[in-house]
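Below is one structure; the comments refer to it alone.
The values are calculated or read from the model by the stated rules, or taken from the named source; none is laboratory data. What you are looking at is a predicted structure, and each value in this text was computed from that prediction instead of being measured. Here Cβ is always computed from backbone atoms with ideal geometry, including for glycine, and neighbour counts include all displayed protein chains. Heads up: the accessible areas ignore ligands, DNA and RNA and are worked out on the full protein's heavy atoms, side chains in. Shrake-Rupley method; radii C 1.70, N 1.55, O 1.52, S 1.80 Å.
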Amino acid sequence: MVKVKLEHLTKRFGKVVAVNDLNLEIKDGEFMALLGPSGCGKTTTMLMIAGIYKPTKGHVYFNDVCVDDLPPKDRNVGMVFQSYALYPHMKVFDNIAFPLKLKKLPKDEIREKVKKVADFLEIGHLLDRKPAQLSGGQMQRVALARALVKEPDIFLMDEPLSNLDAKLRVVMRAEIKRLQKRLGITTIYVTHDQVEAMTMADRIAVLREGVLQQCAVPDELYLKPRNMFVGGFIGSPPMNFLDCSLVEENHEHYLDLGVFKLWIPPDIADLIMKNASGSELVLGIRPEDLKVTLTLPPEAKEAGQKSKVQAIRSEIYVLEPLGKDVIINTKLGDTLVKVVAPPTIRPSVGETIWLNFDLDKMHVFDKKTELAVV
Amino acid sequence: MITAEGYRKLIWKAKIKWLIGNIIVYSIVCIPLVPIILMYGWLIAQAFSGVCISSLIPQKLTLKNFYFLTGPIYWGGTPLYKSYWPLVRNTLLLALGTTGLVVAITSLAGYAISRFEFKGRDPLLKSVVVVHSIPGVLFLIALMYILNTIGLYGKGFLTLLSVIIIKAGLESPMYTWMLKGFFDSVPWELEWAALVDGCSRFTAWRKVVMPLIFPGIAAVSIFAFLSGWGEYLLVLTYITDRKWYTLSLALSELTYQFKHVDYGMLAAFSLLYLLPAMIFFLLTQKYLMTMRIVAYKG
Ligand SMILES: Nc1ncnc2c1ncn2[C@@H]1O[C@H](COP(=O)(O)OP(=O)(O)O)[C@@H](O)[C@H]1O
Ligand SMILES: [Mg+2]
């Protein structure tokens, strides 16, 4: 098995910097997700690992050996492309057998291996069809089979689920995860869907415009986003961002959000003062971390008073029911804030609610650098 | 608001418009077809007629116009060619040789121009169009000089061979252009998949890319074959040995002098000369009409 290391990996296309100084280590047998919006350099990174693109700068290491000069065919990687890239002129059997035929394996062995992997992925009955006669999900499985049949050391998947319908995507998500754990192949999985990355990966590397933002296990990414981009990208609905500034009154510190103030304890205030570049800050809070109540709960005080939980009154603007939960849209000043409310609360538009800010659940970012300061 | 009656009226109007539009389109399409149909009709009718006709109705049905298939070809009573078949052989050689060479050159060049970035790629592409718009006649003398210098002029089979090479050279640029379009339509991902699966660049070209552009290769083959089959000027200029004459040259010779013309035989001769073109188009019109790659989803 193989561990992969990317060192100062950079790829330029003319003036466009697709991948910028990427350092990343993928452990042996690990399921690493590359997550980021479209155009952030995920595919380019993948293609450099596969050996199809030569890095402009930097190196790729397999088991600590630099593979810059190793052609793709000798890297023993299995790859699933976003469009599946099945060979349209070959039957499913020949598609899957293609890597084995190139290795000049005996015919019997090829047939056996193809059959085994096809049965494993439940596409044994499709072997005589042409790719054009398959559904999206079936093509996806054929692509998986073709990548797996040669028993690769590294498994690369480029948005393999993005062309499937929502229901199938959920099914395949679990299946691919199970497959990877069972085979124990080092896997790099590219996706722009944070749910996919969170549910499947051991670790996630978040990319933005070719630059690595944060690489961590899913929980850490969710709980301790390193900057506003990661905070906003992970989680759905996305994190609420509220502009604020740090103020001091009567030896107490507050976050001034314009329409209201939040008291903060001295230790957090110290942290902010130490880490922030100026007084302009952004308060980040997840929709599921803002508690909604119809009255002021006993454990909370009104915003601006010394308490771990501080609440502010607000009016419901729009409701987005999700079946179980409901997303409440409300306005704090001019900013629209989304809150996920549990099924026990069934509010109606125009009603007044209390938004409970819990100090433990708040993220504070520097507005200029966008980095987390607490 | 539109009433039910109003909708009916509107539908009637739309139908009439559609009808008039169709009538106009079909009439325009049919006009250029008239002389073509007249010509072919006459050719077929005359080929099977015992006498010279000036209408589309064959008279005195006969097969004797095809006498040249089994014996010498006569011209005003004297045999001009000992047999018809060497002419067919030479023409086939020219056509097939050109096709083979053109396909070999253009499938590699088209791929290179489509897939590789190199200095001077754009000027090269543009110059193809410019050069192609220069009439080939202009090269005749220069080529004659070259052939003479390297000793290939008037050397029988070798001359035919050089005609094949010249012909392929003249035809290749345009077909390279055409195939470039086909190669462009093959998604990169397919080629990458092949590389990851264990192909070298060349195997990927041979096993994945080439099969996908088969319609393009077929089209180029047909065009090259027909252009070689119909070539006249180069053969007339360079081939001096009657043993290596082609059908086009023979045909022109047979029509040389008005008083000797045997219309029946000429029509039969021409009909056979047209045959490959017709066969090719019948067999491959499916491909020619669908010059694109199907079966790819992405
Ligand atoms: N072959 C190429 N030529 C020029 N620019 C490219 C090429 N491939 C990718 N890019 C650019 O590099 C950036 C990253 O692309 P890509 O890796 O495909 O992003 P992703 O897969 O994350 O959507 C994009 O801005 C894209 O336009
Ligand atoms: Mg991509």
(message) Given a 1.4 angstrom probe, what's the average accessible area per residue across chain A, in square angstrom?
(response) 45 Å²
(request) Give the long-range amide H neighbours of residue A:326: residues separated by 5 or more places, or on another chain, with amide H under 5 Å away, using H modelled in the peptide plane at 1.01 Å from N. (result) A:341
(request) With a 1.4 Å probe on protein heavy atoms only, tell me which residues of the stretch B:180-225 lose at least 30 Å² of accessible surface in the complex relative to the chain by itself. (result) B:189, B:190, B:192, B:193, B:195, B:196, B:197, B:198, B:199, B:207, B:208, B:212
(request) Count the lysine pairs in the stretch B:82-297 whose Cα atoms lie under 23 Å apart, taking only pairs 8 or more positions apart in sequence or on different chains. (result) 15
(request) Name the residues whose placed amide hydrogens come within less than 5 Å of the amide hydrogen of residue B:154, ignoring near sequence neighbours (fewer than 5 apart) on the same chain. (result) B:240
(request) Ignore the peptide's own chain and count Cβ atoms of other chains within 10 Å of each Cβ in A:86-93; give me the average, rounded. (result) 5
(message) Please compute the contact order of the stretch B:4-80 in relative form: average sequence separation of alpha-carbon pairs under 8 Å and at least six residues apart, divided by the residue count, as a percent.
(response) 15 percent
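What GluC sites (Glu not before Pro) does the stretch A:303-374 have in DSSP loop regions with at most 15 other beta carbons within 10 Å?
A:351
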(message) On a full-extension model of 0.36 nm per residue, what is the gain between residue B:277 and residue B:241, subtracting their alpha-carbon distance, rounded to one decimal in nm?
(response) 10.3 nm
(request) Run the 1.4 Å probe and let me know the accessible area of residue B:242, rounded to the nearest 10 Å². (result) 100 Å²
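For the pair residue B:85 and residue B:253, what calculated FRET efficiency results from E = 1/(1 + (r/R0)^6), where r is the Cβ-Cβ distance and R0 = 22 Å, to the nearest 0.05?
0.85
Past 18 Å, Cα to Cα, is the threshold; run A:27/A:73; A:42/A:338; A:177/A:224; A:115/A:150 against it and keep the listed order.
Checking Cα-Cα distances, A:27/A:73; A:42/A:338; A:177/A:224 exceed 18 Å.
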(request) Please work out how much accessible surface residue B:260 shows to a 1.4 Å probe, ignoring ligands, DNA and RNA, in Å² rounded to 10. (result) 60 Å²
(message) Output wanted: per-residue J couplings in Hz (rounded whole) for the stretch A:75-80, from phi through Karplus 6.51 cos²θ - 1.76 cosθ + 1.60, θ = phi - 60°, x for Gly and Pro.
(response) 8, 6, 9, x, 10, 10
(request) Could you pull the accessible area for residue B:121 with a 1.4 Å probe, rounded to 10 Å²? (result) 50 Å²
(request) Quick one: grab Rg to one decimal and Dmax as a whole number for the protein assembly as shown, Cα atoms only, in Å. (result) 37.6, 128
(request) Estimate for me the total accessible surface buried between chains A and B (protein heavy atoms, probe 1.4 Å, no ligands or nucleic acids), in Å² to the nearest 100. (result) 2000 Å²
(request) Kindly sort A:141, A:346 by accessible area of their heavy atoms, largest first, with the probe set to 1.4 Å. (result) A:346, A:141
(request) Could you work out the mean count of beta carbons from other protein chains within 10 Å of each residue's beta carbon in A:76-85? (result) 5
(request) State to the nearest 20 debye the size of the charge dipole of chain B about its Cα centre, where the only charges are +1 on K and R beta carbons and -1 on D and E beta carbons. (result) 540 debye
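Residue A:181 to residue A:345: FRET efficiency via 1/(1 + (r/R0)^6), r the Cβ-Cβ distance, R0 30 Å, to the nearest 0.05? Provide the component values of the computation, followed by the final result.
Numbers: r = 39 Å, r/R0 = 1.29.
Result of the calculation: an efficiency of 0.20.
Near residue B:232, within a Cβ-to-Cβ distance under 13 Å, what is the net charge of the other residues, with Lys and Arg +1 and Asp and Glu -1? Intermediate results must be reported in sequence, preceding the final value.
Values: positive: B:167; negative: B:231, B:253.
Value of the local net charge: -1.
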(message) Could you tell me what a quarter of the Cα convex hull surface of the stretch A:240-366 works out to, in nm² with one decimal place?
(response) 7.5 nm²
